[in-house]
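Contents: one structure, followed by commentary.
Bear in mind that the values in this text are calculations on the coordinates, not laboratory data. None of these values were measured; they are calculated from a predicted model. Using ideal geometry, Cβ is built from the backbone for each residue, glycine included, and neighbour counts are taken over all protein chains shown.
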Amino acid sequence: MGPSLLLSLLLLPASLQADSSKECNPNTDFGINQPASLSAPEGGSTCIFFSYFHCWELAKDPRLSIAIKRRDFHGEVIYNSTQRFIHKDYKNRISLDLRQGQNSGTLCIQNLRKEDENRYFCQVQVETLRDGKKVWQSIPGTKLTITEAAQMTTITKGPTTTVTTTTRDMNMETMVKVALPVAMFKTAILGLVVYLWWKRSKEEKSQWLSLE
């Protein structure tokens, strides 16, 4: 059993798990599980994992459709899997991965912008064998928080050359500036010690020659 399937089973209510003695009630036992909140840096990416459950017997062609809404429960649709609809605010940035044979999937958003900070709701639609079309949706959804990207500092060198460096680069440059004088000082001390040793050896040698 893979980790994704195990997680899906753990998220199911007790009435739907295999070892439960309670009979599944199609009028009440359905829902969608999503993380309550997520956070990601601006310019980065994030994925919202969801799983859904129900008790209806599906039609031979269930026509599964996944839609994603933003802002609130009745908010606007930003993605629809069957209509192949993607909201203009998310063009070329959003994708949906549905796990074949499992009632779960992952919605991913790339190149995050500050305005992507919203609450996102997953909605599922299926065709059942005896109860027609059924549509249900997550009630709390997932709150996505966009954090600030890594701080960048722009340094201009000359009239046309612009260099962008991170705080880490600046710290490294500062360390080099400090380490260089220290290394030069140590080299000077070592040179002085060698010179004094050489001078003393020369004087001692001269004294031995004079004694002879």
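In debye, nearest 20, what is the charge dipole magnitude of region 3-147 about its Cα centre with +1 on Lys and Arg Cβ and -1 on Asp and Glu Cβ, if you could check?
On the way: 18 positive and 15 negative charges, 83 e Å.
That gives region 3-147 a dipole magnitude of about 400 debye.
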| request: Would you mind putting 116-123, 82-89 in packing order, based on average other-beta-carbon counts within 10 Å, highest first? | output: 116-123, 82-89
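Under 15 Å from the Cβ of residue 122, count the other residues' Cβ atoms, weight Lys and Arg +1, Asp and Glu -1, and hand me the total.
Details: positive: 69, 70, 71, 99, 119, 134, 143; negative: 72, 76, 97.
So the environment of residue 122 carries a net charge of +4.
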| task | Could you give log10 I(q)/I(0) at q = 0.11, 0.14, 0.17, 0.24 Å⁻¹ for region 23-89, computed by the Debye formula over C-alpha point scatterers of equal weight, without solvent? | result | -0.40, -0.63, -0.88, -1.32
| field | Relative contact order (%) - criterion: Cα under 8 Å, at least six apart; region: region 3-147 | value | 31 percent
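Apply the a/c threshold of 1.5 to the C-alpha gyration tensor of region 98-138 and tell me whether it is rounded, prolate or oblate.
Judged from the Cα gyration tensor, region 98-138 comes out oblate (a/c at least 1.5, b/c at or above a/b).
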| query | Once you put a point 7 Å from the Cα of residue 55 and another 7 Å from the Cα of residue 129, both along the Cβ direction, what distance in nm separates them? | reply | 1.6 nm
| message | Around residue 34, under 14 Å between beta carbons, what's the net of Lys plus Arg minus Asp minus Glu among the other residues? | response | +4
| Is the shape of region 3-147 rounded, prolate or oblate, going by the alpha carbon gyration tensor and its root eigenvalues a ≥ b ≥ c, with a/c under 1.5 for rounded and a/b larger than b/c for prolate? | prolate
